[in-house]
Amino acid sequence: MLNARLYLATAYASPYIPGAPSEQNQRLARLAVADYKGVLALEPENLSAIDAIGALLFQMAGTPFHPDQFLESKAYHQKHLLIRPDDPEPYYWIGVIDWTWSYRGNGELRRQHNRDMPGQQISEVDPLPADLRVVYLRDFGPLIDEGIAALRHAISIRPDYDDAMA
């Protein structure tokens, strides 16, 4: 029964295309998540299901942007750490989620500034104006700190973890 549920969840997840917001694509991802959750109902510490849900939710969260899915994805990676705290991958994923969310926030602040201040455009590489840096730090500083700490921890567990270093 458990192997059948894992197979079914993987079958739904396989055709899912990250970043494609079509309803059919999102439906496949939701079905896969539901089936992986079914696996967890039978075997709550199944790391394959936990990791698959975390990865799918992360992919679903970006396009269109769903902050609740980022939080849920992070929760599954944290659940992995409760079971096996010496695995570096969940720390990496937490860092990636935090980076993705804060990077998006930086871009939103820039777009809003450029829309509201037509004569004072800032590019993607220009420093944020001082007033926006305060807002960015307030809104994303803790997230950035958490992400950096998670990535550093991943590297401390696996010193050659190239993805975490990047």
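So, counting K/R as plus one and D/E as minus one, what does the shell of residues with Cβ under 14 Å around ARG152 add up to?
Here the count lands on -3.
Loop sites only, by DSSP: take the GluC sites (Glu not before Pro) in the chain that have at most 14 other C-beta atoms within 10 Å and name the longest stretch containing none of them.
Counting at most 14 other Cβ atoms within 10 Å as exposed, the longest clean stretch of the chain is 46-123.
With an 8 Å Cα cut-off and a minimum separation of 6 or more residues, compute the relative contact order for the chain in percent.
Computed over the chain, the figure is 17 percent.
Helix-only mean residue ellipticity at 222 nm, the chain, DSSP H runs n ≥ 4 weighted -39,500 (n - 2.57), per residue, nearest 500. What is it?
-25500 deg cm²/dmol
Treating the angle as unsigned and between 0 and 90°, give the value, to the nearest 10°, between the Cα long axis of helix 2-13 and the longest Cα principal axis of the chain.
Orientation of helix 2-13: about 40 degrees from the principal axis.
Below 12 angstrom from the Cβ of ARG111, what's the summed charge of the other residues (Lys, Arg +1; Asp, Glu -1)?
The answer is 0.
In debye, nearest 20: dipole of the chain around its Cα centre with unit charges on the Cβ of K, R (+) and D, E (-)?
With only Lys, Arg, Asp and Glu charged at Cβ, the dipole is about 360 debye.
Throughout, read-outs are computed from the coordinates displayed, never taken from laboratory work. These numbers were taken from a predicted model, which means no experiment stands behind them. Cβ atoms come from the backbone with ideal geometry, glycine included; neighbour counts cover every protein chain shown.
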